[in-house]
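Shown next, in structure tokens, is the structure this report addresses.
The values are calculated or read from the model by the stated rules, or taken from the named source; none is laboratory data. Since the model is a prediction, treat every value here as computed from it, not as a measurement. With ideal geometry, Cβ positions are generated from the backbone for all residues, glycine too; neighbour counts draw on all protein chains shown.
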Amino acid sequence: MPKEYYEKMWKAIREEAMPFVSQVKNKRKNKEIYWQELHISPVLNAPDEPEFYIGIEPKIPNPEIFNLVESTMSQASDGTHIPVSIVPIGWILSWLYIYEVISKETEEILTEIYGRNASGATLMRDFISQ
């Protein structure tokens with residue numbers, strides 16, 4: 001994961017004493033790649049400072065959405081791994097349209113709903129919560 005990912009995580013759970021939720025690409029012992037959702041919450045002491053952290057990794061109900069976006073984004077890039085969670089939604093929607101995963105109408109509707117510069121994590125979170 002990029003350095004920015006860990007900086008964002010530690011800022012949320014240490015500095016802001018807030019939960020952190022993310023999706024990460026993981027690898028099983030048999031080398032199979034899969035998406036894993038990650039929830040980390042600080043447990044606060046009396047002065048509301050993080051005492052320790054609890055991490056939960058629930059199963060993602062629709063991992064095919066992550067695999068689809070990830071494969072589309074990797075086709076679009078030069079092989080450099082860019083986590084979907086930091087890619088602007090506008091890029092994701094454009095590539096999903098170009099590779100005929102969604103229609104032009106769907107791209108326009110989702111762009112209107114989300115805007116073009118919001119994080120891809122917002123879109124992914126909404127997809128998996130369906």
If we take region 16-130, then helices (runs of 4 or more DSSP H) inside it with 3 or more residues that are at pLDDT below 80 are 63-76, 89-98, 120-128
Check region 4-14 and report whether any residue there is of a type in the set (Asp, Glu), at pLDDT 80 or above, within 18 Å of the chain's Cα centre (by Cα) and closer than 23 Å to residue 92 by Cβ.
yes
Region 34-48 - residue that is of a type in the set (A, V, I, L, M, F, W, C) and free of Cβ contacts under 8 Å to residues at least 12 places away in the same chain and, of those, surrounded by the fewest Cβ atoms within 10 Å (Cβ to Cβ):
46
Touching a residue at least 60 places away in the same chain (Cβ under 8 Å) and surrounded by 14 or more Cβ atoms within 10 Å (Cβ to Cβ): does that describe residue 22?
yes
